Amino acid sequence: MKSEHEFKLIEGIFQPEEAQKLLMEMINTKINFHNLDAFSNHIRFNTSISNSINRVNELNETAEKLKILMEYARENTIELEIKSNISITLKNV
(Lines give C-alpha, C1' and ligand atoms only; values in the text may rest on other atoms or scores of the structure.)
Protein backbone atom coordinates (compact mmCIF):
# COMPACT_ATOMS: atom_id res chain seq x y z
CA MET A 1 0.00 0.00 0.00
CA LYS A 2 1.28 3.48 -0.78
CA SER A 3 2.27 5.62 2.19
CA GLU A 4 0.55 8.89 1.26
CA HIS A 5 -3.19 9.35 0.84
CA GLU A 6 -5.37 12.37 0.07
CA PHE A 7 -9.11 12.60 0.69
CA LYS A 8 -11.54 15.35 -0.28
CA LEU A 9 -13.77 16.29 2.65
CA ILE A 10 -15.45 19.48 1.49
CA GLU A 11 -15.71 21.10 -1.91
CA GLY A 12 -18.42 23.52 -2.86
CA ILE A 13 -19.93 26.97 -2.74
CA PHE A 14 -21.91 27.79 0.39
CA GLN A 15 -24.09 30.53 1.76
CA PRO A 16 -22.59 32.02 4.94
CA GLU A 17 -25.17 30.30 7.16
CA GLU A 18 -24.42 26.89 5.65
CA ALA A 19 -20.68 27.44 5.79
CA GLN A 20 -20.79 28.53 9.41
CA LYS A 21 -22.91 25.55 10.41
CA LEU A 22 -20.59 23.10 8.63
CA LEU A 23 -17.32 24.61 9.84
CA MET A 24 -18.45 25.17 13.41
CA GLU A 25 -19.67 21.59 13.62
CA MET A 26 -16.23 20.38 12.55
CA ILE A 27 -14.48 22.65 15.05
CA ASN A 28 -16.83 21.69 17.87
CA THR A 29 -16.26 18.01 17.13
CA LYS A 30 -12.50 18.54 17.37
CA ILE A 31 -12.88 20.49 20.63
CA ASN A 32 -15.03 17.71 22.11
CA PHE A 33 -12.50 15.11 20.97
CA HIS A 34 -9.63 16.94 22.69
CA ASN A 35 -11.63 17.54 25.86
CA LEU A 36 -12.75 13.93 26.18
CA ASP A 37 -9.37 12.49 25.19
CA ALA A 38 -7.49 14.74 27.60
CA PHE A 39 -9.87 13.98 30.46
CA SER A 40 -9.73 10.24 29.77
CA ASN A 41 -5.94 10.13 29.56
CA HIS A 42 -5.54 12.30 32.64
CA ILE A 43 -7.85 10.08 34.69
CA ARG A 44 -6.48 6.76 33.43
CA PHE A 45 -2.77 7.55 33.13
CA ASN A 46 -2.35 10.83 35.04
CA THR A 47 -0.90 12.43 31.90
CA SER A 48 -0.57 16.14 31.25
CA ILE A 49 -3.42 17.77 29.36
CA SER A 50 -1.51 20.90 28.36
CA ASN A 51 -1.27 19.92 24.68
CA SER A 52 -5.01 19.35 24.49
CA ILE A 53 -5.72 22.61 26.31
CA ASN A 54 -3.49 24.48 23.85
CA ARG A 55 -5.21 22.86 20.88
CA VAL A 56 -8.68 23.65 22.26
CA ASN A 57 -7.60 27.28 22.70
CA GLU A 58 -6.36 27.37 19.09
CA LEU A 59 -9.63 25.89 17.86
CA ASN A 60 -11.65 28.42 19.86
CA GLU A 61 -9.62 31.25 18.32
CA THR A 62 -10.24 29.80 14.87
CA ALA A 63 -13.96 29.59 15.63
CA GLU A 64 -14.05 33.26 16.59
CA LYS A 65 -12.23 34.28 13.40
CA LEU A 66 -14.63 32.18 11.33
CA LYS A 67 -17.64 33.80 13.01
CA ILE A 68 -16.30 37.24 12.08
CA LEU A 69 -15.69 36.13 8.50
CA MET A 70 -19.16 34.58 8.22
CA GLU A 71 -20.78 37.74 9.60
CA TYR A 72 -18.90 39.82 7.03
CA ALA A 73 -20.02 37.47 4.25
CA ARG A 74 -23.62 37.60 5.48
CA GLU A 75 -23.66 41.40 5.71
CA ASN A 76 -22.21 41.74 2.21
CA THR A 77 -24.19 38.92 0.56
CA ILE A 78 -21.05 36.95 -0.29
CA GLU A 79 -20.99 33.23 -1.03
CA LEU A 80 -18.04 31.18 0.17
CA GLU A 81 -16.11 28.58 -1.78
CA ILE A 82 -14.74 26.02 0.64
CA LYS A 83 -12.29 23.26 -0.16
CA SER A 84 -10.93 20.95 2.48
CA ASN A 85 -8.66 17.99 1.98
CA ILE A 86 -7.06 15.66 4.45
CA SER A 87 -3.62 14.19 3.88
CA ILE A 88 -2.60 10.97 5.61
CA THR A 89 0.93 9.59 5.59
CA LEU A 90 1.50 6.08 6.88
CA LYS A 91 4.49 6.04 9.22
CA ASN A 92 6.39 3.14 10.69
CA VAL A 93 6.03 3.09 14.44
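Scanning region 1-40 for residues that are open to solvent by 100 Å² or more (accessible area, probe 1.4 Å) and β-branched (Val, Ile, Thr) returns a single hit, Ile13. Tell me yes or no: at least one residue of region 20-27 is without any contact (Cβ under 8 Å) to a residue 40 or more places away in the chain and within 30 Å of Lys2 (Cα to Cα). Yes; the residues of region 20-27 include at least one that is without any contact (Cβ under 8 Å) to a residue 40 or more places away in the chain and within 30 Å of Lys2 (Cα to Cα). Looking at region 52-70 only, could you name the residues that are free of Cβ contacts under 8 Å to residues at least 12 places away in the same chain and in contact with a helix residue (DSSP H, G or I) (Cβ under 9 Å, 6 or more places away or on another chain)? Hit for region 52-70 is Leu69, nothing else.
The set of residues in region 44-63 that are of a type outside the set (Val, Ile, Thr) and surrounded by 10 or more Cβ atoms within 10 Å (Cβ to Cβ) comprises Ser48, Asn51, Ser52, Asn54, Arg55, Asn57, Glu58, Leu59, Asn60, Glu61, Ala63.
The values are calculated or read from the model by the stated rules, or taken from the named source; none is laboratory data. None of these values were measured; they are calculated from a predicted model. Because the Cβ atoms are built from the backbone with ideal geometry, glycine has one as well, and the counts that use them run over all protein chains shown. Surface accessibility is based on the protein's heavy atoms, side chains included, excluding ligands, DNA and RNA. Shrake-Rupley method; radii C 1.70, N 1.55, O 1.52, S 1.80 Å.
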